[in-house]
Amino acid sequence: MSIPESSAFRNIFYEHYPTVRRKLAALVRDEAAADDLSQEVFLRLYRNPPDNPATLGAWLHRVLTRIGYDYLEKKARERKLQNKQEMMYEGEAAPESGEEALMRQLDHEEVQAWLDRLPERDRQALLLRYSGYSYAEIAEELNVRPPLIGSLLQRATRKLQVTASKAMARQD
């Protein structure tokens, strides 16, 4: 098929446009997008018509399907990018206010005071554990047999809770 004559192309357009638009609307489920994509199908037909005019229906179907799927893939990529951006913005915490920073500092100082009241080995064990050290690393650091670390941490935690409870009771 050579470059279409304007009247011949107009006849093909009027004959096939309703079918192409209906199929695209069903595929992409968006009426406005179906209008735009239908125009794209006929623009491709005008620029690069099929070699055999007898296969025009199949050619249109193949092109509209490809254009429709490309549109859906583009929309999926856009949604995925938007979701990533929303998650990134939601993950960002608002800058800490002066009051929040002060409260955090006071909490830190209070916990540090409670830890200072514990025996040295218990304090070190808790600090190492909450700094991400494994039981084996804590055992090596404190020169304690590894099987004893669980019990040591449990006792140190209990002592810290008692110390904190007493300190808080005095504040009331």
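A compact table of results
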read-out	value
So SER151, is it of a type in the set (S, T, N, Q) and at pLDDT below 90	no
Unique match (being at pLDDT 90 or above, open to solvent by 80 Å² or more (accessible area, probe 1.4 Å), assigned to a helix (DSSP H, G or I) and among the aromatic types (Phe, Trp, Tyr)) among TYR89, TYR46	TYR46
Looking only at the stretch 59-77, and only at residues there that are over 15 Å from ALA33 (Cα atoms) and more than 13 Å from the chain's Cα centre (by Cα), the one that is most open to solvent (accessible area, probe 1.4 Å)	ARG62
Flag for GLU86 being free of Cβ contacts under 8 Å to residues at least 40 places away in the same chain and closer than 30 Å to LEU37 by Cα	yes
Every residue from the stretch 112-127 that is in contact (Cβ under 8 Å) with a residue 24 or more places away in the chain and assigned to a helix (DSSP H, G or I)	ALA113, TRP114, LEU115, ARG121, ASP122, ARG123, ALA125, LEU126
Selection from the stretch 101-138 of residues that are open to solvent by less than 60 Å² (accessible area, probe 1.4 Å), under 32 Å from the mean Cα position of the chain (by Cα) and among the aliphatic types (A, V, I, L, M)	ALA101
Residue pairs meeting the criteria (Cβ under 6 Å; at least 6 apart or on separate chains; first among the polar types (S, T, N, Q), in the stretch 152-167; second open to solvent by 50 Å² or more (accessible area, probe 1.4 Å))	THR163/ARG117
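The values are calculated or read from the model by the stated rules, or taken from the named source; none is laboratory data. Please read these numbers as outputs of a predicted model, since none were measured by experiment. FYI the Cβ positions are ideal-geometry reconstructions off the backbone, even for glycines, and counts take in every protein chain you see. Side chains are part of the model used for accessible areas, which takes the heavy atoms of the whole protein and leaves out ligands, DNA and RNA. Shrake-Rupley method; radii C 1.70, N 1.55, O 1.52, S 1.80 Å.
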